[in-house]
Structure formats: C-alpha cells, structure tokens
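Step one of this worksheet: look at the structure below.
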Amino acid sequence: MIERKFKGLIALDLDGTVFNNEKKISDGNQKAIREAVAAGYCVVPVTGRPVSGIPQELMQIREIGYAVASNGSVIYRIEDFLQKKWERIYEDLLSDEKVLEVLEILEEYPVVPDCFVQGVGHMPEYGKKLIPQMGLPQVMVDYLLSGRKFFPDLTEYVRQKEEKVEKITINFFMNEEGTRKKQEAYRRLSKVKDITLVSGAPHNLEINTVTARKGNGMLKLAQLLGVAPEQTMACGDDMNDMDMVVKAGFGVAMGNASELLKKEADFITLSNEEDGVAIAIHEFIKRMD
C-alpha cells in the first residue's frame, strides 16, 4: 500500500506535545510540520484520542494524510478530515468479553468510563454531571464532553452493539481520593489478562488490546508506507507514549515529559509551551540528512 516514497515518518503525540496547555498549536510547530512534509516526510498524529477527537486545528494542514488513533488500535488514511472522509486501513480491537470484564470492575469506583467505537467516545449518562466536577482543566472538560454519545447503561450498550471497542479511557477525580482510587483500580486492572494498561494523563487510565500500542501502530503504518523503523521519529510526553518513543529510530521526550520517559528517549526537546516539537523535527531532519 505504498502510495508514495517517504524519507521517513514523524509520529507526534498531541496533548502535551504538539498542543500547548491551552490546546492550541503554535505557529512554530505548524511551520515545522509543513516544512517536514515539503521535505518528503510523512507526519502523522499518534494519539490516544479517537479519530473524531483529533483537533481540526492540526488537520487543517491538509498534507497530513494519515492518523494513528486510540493508542494505535486504529490507523486511518485521511482524504479530507474536515469532511470526515477517512478510511480505516488497520485495526486491533478489544473483544466484547474483555470490555465487559473491565466495566464490571469499574462499577466499584467513582469513575467515568469512555468506550471508543467507530472513532467516537461513548459514555454513561452520568458522565455529563461528573466530568465537570472532577477538577480537570476546562479545556479537558470541554473535550471530554464534546462529540460523545451518552447511554443510560454503557454496559448494556456494549452487549447490544455490533462494532467492537477500540479503547477504554477511565476518567478519575483529580483529588487525593481520586489518586488513591486510580492506584487501586490500576492494581485490579493489571490482573486482567491480555490487555495493555497505561496512564495517558494524570486523571486517566487507558485500556487496549495487549498488542494495540502507539509504537506498534507507528511501526505498522511505517511498514505499510515502506519506511524502515530506523527512519522513524516519535515525540511524546506521557507514559502512553513510551512504547513509540522506545521503538522509534529517534525517540524524543518533551521538556514537560515524565522523568521515566526522558530516561528512555534519545533526545529531550523543549516543552509544549516552547515549540518543542518544532525543535525535535528540525533535529530529526538534520540527522537524517
């Protein structure tokens, strides 16, 4: 499925990486992305968000022709993002049995689960009330409540639907009790077989299949495009980015990244408030040249 020959692939996390703390993309980052595309590189968002949750502000850069969504569980070829013209070219989805097992455990915790199906988040109805009370930044509240479908009984929805779940995001309260519950839930969920369990942000846990990870999604797309692993760059800030930062030929941690991620990276750039992505892209292209 090689449509054109790329010099390399640049995989970019979004929240805390491409986007600043106000969920905006700087002129400097936009300029660097366009320059990389013009130089022959495939620039691709690799995100924990569903495809419908990727900000239009980034995808207005029409040269971005692919997206890896839901932590690597789905890869899309993008024809026209603004018109929602995209095609799935790869998927690695959770079984209904595994989703129901996780949801049963979560019934014991004050959380809001979010099941991604066909590129859209699906929440229980009570999420409309709880999400604004969780102590999250308003931009995150707005994101979590926008574009979601709500159901009186999320478990019953999972039982009845035909399509499979891409990913489950579990949202916790941002307080001392919420932190304790997150740690407790992590211990419980880590005993569930055949899943990947990571934290994508301080307020959440994220669940995929055991093979659906950002790094695997990045390398799968690289394979489809005929790009060697050593010709890949990955840039991220949180623990759900670890897989792709470690597996990329050039793994980059943001200046605002977790210390564990920084220890595993090949390069540490500036923060998401300082055009760190632009600096990393320029460094990668220089090394490739």
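Among strands (runs of 3 or more DSSP E) lying entirely in region 64-114, which contain 3 or more residues that are surrounded by fewer than 18 Cβ atoms within 10 Å (Cβ to Cβ)? Quick ask: steps written out before the conclusion?
Working: elements: 66-69, 74-80, 85-91.
Correct list: 74-80, 85-91.
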> If you scan region 179-209, which residues turn out to be free of Cβ contacts under 8 Å to residues at least 60 places away in the same chain and under 13 Å from Val111 (Cα atoms)?
Replying inline: Thr179, Arg180, Lys182, Gln183, Tyr186, Asn204, Leu205
>> Could you go through region 17-35 and let me know if any residue there is farther than 21 Å from Met254 by Cβ, part of a helix (DSSP H, G or I) and not small (Gly, Ala, Ser).
In response: no
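If we only count helices (runs of 4 or more DSSP H) wholly inside region 126-201, which ones have 2 or more residues that are polar (S, T, N, Q) and on the phi < 0 side of the Ramachandran plot? Please lay out each step first, then the result.
Details: elements: 127-130, 138-145, 154-160, 176-189.
By residue number, 154-160, 176-189.
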> Glu259 versus (1) in the same structural domain as Ile64 (by TED's automatic domain parsing); (2) touching an Asp or Glu at 6+ places or on another chain (Cβ under 6 Å); (3) not basic (Lys, Arg): which is the lone unmet condition?
Replying inline: (2)
> Which condition does Asn208 not pass, out of (1) surrounded by 13 or more Cβ atoms within 10 Å (Cβ to Cβ); (2) assigned to a helix (DSSP H, G or I), if it passes all the others?
Replying inline: (2)
> Just checking, which of Pro113, Pro132 is in contact with a helix residue (DSSP H, G or I) (Cβ under 6 Å, 6 or more places away or on another chain), of a type outside the set (Val, Ile, Thr) and free of Cβ contacts under 8 Å to residues at least 24 places away in the same chain?
Replying inline: Pro132
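The values are calculated or read from the model by the stated rules, or taken from the named source; none is laboratory data. Nothing here was measured: the structure is a model prediction, and the numbers come from that model. Quick reminder, even Gly has a Cβ in these numbers, built from the backbone with ideal geometry, and neighbours come from all protein chains shown.
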